[in-house]
Amino acid sequence: MSCYVTQHRPTGITVISILMIIGGLILLFTGIAPLVIGPLISIDSDYSTSSLGFLITIGGLALVILGIASLIVSWGLLKGKTWARTITLIISFIAIIFAIISLVSSGELTHVISIIIYGIIIYYMFTDKVKLFFGRVKEPTI
């Protein structure tokens, strides 16, 4: 006789995914304007203006790519994909490093908020119910 156990998605994963979807959409729509404006600036024959238009276009493209990636990772989190958890952890560690560098270089205490938020995300991703949802631990036996 087989007994199947289904693991429901933890609420925190849903919240993180929704925030990533919102962030992804913001990145996507923020990147569209430079993609349109950049080539228009590049039409000018002046070299420095043309280079500026190129850089604006590249920046817009980077924002669009990051937005799409954020949407893909949020979908992976919602579906319980292990790779999405790993990417979220990597992004969170990198964000903490950048926040610490920004805190030290600027002295602005607002960066502490980012450190705390990403620290909570990292902690949460290592809780047993989240690891169970992503298949990183075995179901406890009775």
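Taken together, the values in this text are just the output of simple stated rules run on the coordinates, not laboratory data. This structure is a prediction, so every number in the text was calculated from the model and none was measured. Counting neighbours? That spans all protein chains shown, and the Cβs are built from the backbone with ideal geometry, glycine included.
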Listed candidates (1) 15.8; (2) 15.1; (3) 17.6 - label of the one calculated as Kirkwood radius over Cα pairs in Å:
(3)
Taking the highest mean first, how do the peptides 70-77, 119-126 order by number of other beta carbon atoms within 10 angstrom per residue?
70-77, 119-126
Filter the DSSP H helices in the chain by two things, a Kyte-Doolittle mean of at least -0.5 and an axial alpha-carbon span of 27 angstrom or more, and list the hits by number.
11-42, 47-79, 82-106
log10 I(q)/I(0), Debye, Cα-only the range 11-79, no solvent, q = 0.22, 0.28 Å⁻¹?
-0.79, -1.02
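Where a ≥ b ≥ c are the square roots of the eigenvalues of the C-alpha gyration tensor, would you call the range 53-103 rounded, which needs a/c under 1.5, or, failing that, prolate if a/b is larger than b/c, or oblate? Numbers along the way, then the final one.
Numbers: a/c = 4.03, a/b = 1.26, b/c = 3.20.
It is oblate, given that a/c is not under 1.5 and a/b is not larger than b/c.
Which whole-number percentage describes the relative contact order of the chain, with Cα contacts under 8 Å and a sequence gap of 6 or more? Before the final figure, lay out each step's value.
Working: 152 pairs, mean separation 34.0, N = 142.
In percent, rounded to a whole number, it is 24.
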